[in-house]
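Undergrad: Can you read through this structure? Questions will come right after.
The values are calculated or read from the model by the stated rules, or taken from the named source; none is laboratory data. What you see is a predicted model, and the numbers here were worked out from it, not measured in a lab. Methodologically, a virtual Cβ is constructed for each residue, glycine included, from the backbone with ideal geometry; neighbour enumeration extends over all protein chains shown.
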């Protein structure tokens with residue numbers, strides 16, 4: 001009968017065993033590092049969570065047929081969202097997203113905007129000098145002695161309901177207060 005020798009570790013056997021164990025550990029470490037970077041960069045996590053505040057509508061002046069509305073929009077979630085439209089049954093005529101820009105010499109130009117991104121963890125603040133909502137003015141009130149601009153159906157302090165439509169968050173109902181243009185609009 002032959003005599004069996006007990007197994008003895010050699011340098012070669014130890015090196016092979018270490019390399020065999022190191023490959024899965026290294027693979028898991030790379031995957032964990034990638035996921036950590038992905039989450040840290042905001043690419044993973046909660047969906048968009050939209051909050052709308054500070055809604056205001058400029059009181060129309062004179063015989064104006066349109067005015068502007070402004071909202072502050074916050075995205076408290078972990079994913080971008082997109083404002084794709086605004087509706088209201090309390091206005092007269094069309095409502096559209098628009099952007100005003102100065103063209104020089106004190107003139108301004110209005111461009112229609114199809115949609116606007118509300119970044120994850122960020123804010124979108126509308127103003128008369130940038131993004132806003134162009135709103136058709138409602139017909140004049142039937143009551144005699146109504147105060148406010150001639151022909152306007154609103155008075156300073158009136159509340160106007162709006163629905164902001166988002167690509168991912170859906171429809172969000174809010175209100176805006178009618179303010180005089182001399183009051184802070186944004």
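Undergrad: State whether one or more residues within region 96-111 are in contact with a strand residue (DSSP E or B) (Cβ under 6 Å, 6 or more places away or on another chain), under 27 Å from residue 178 (Cβ atoms) and part of a loop (DSSP other than H, G, I, E, B).
TA: Checked against the condition, which is being in contact with a strand residue (DSSP E or B) (Cβ under 6 Å, 6 or more places away or on another chain), under 27 Å from residue 178 (Cβ atoms) and part of a loop (DSSP other than H, G, I, E, B), region 96-111 yields no hits at all.
Undergrad: Test of understanding: among 121, 92, 153, 136, which residue is at pLDDT below 95 and either closer than 30 Å to residue 77 by Cβ or outside the structural domain of residue 68 (by TED's automatic domain parsing) (or both)?
TA: 121
Undergrad: A further question on this structure: Assigned to a loop (DSSP other than H, G, I, E, B), touching a residue at least 24 places away in the same chain (Cβ under 8 Å) and out of contact with any helix residue (DSSP H, G or I) (no Cβ under 7 Å at 6 or more places or on another chain), is that true of residue 89?
TA: yes
Undergrad: On to the next question. Regarding residue 100, is this residue modelled with pLDDT under 85 and under 20 Å from the mean Cα position of the chain (by Cα)?
TA: yes
Undergrad: Search region 51-67 for residues being in contact with a strand residue (DSSP E or B) (Cβ under 7 Å, 6 or more places away or on another chain) and under 17 Å from residue 93 (Cα atoms), and hand back the single one that is surrounded by the most Cβ atoms within 10 Å (Cβ to Cβ).
TA: 57
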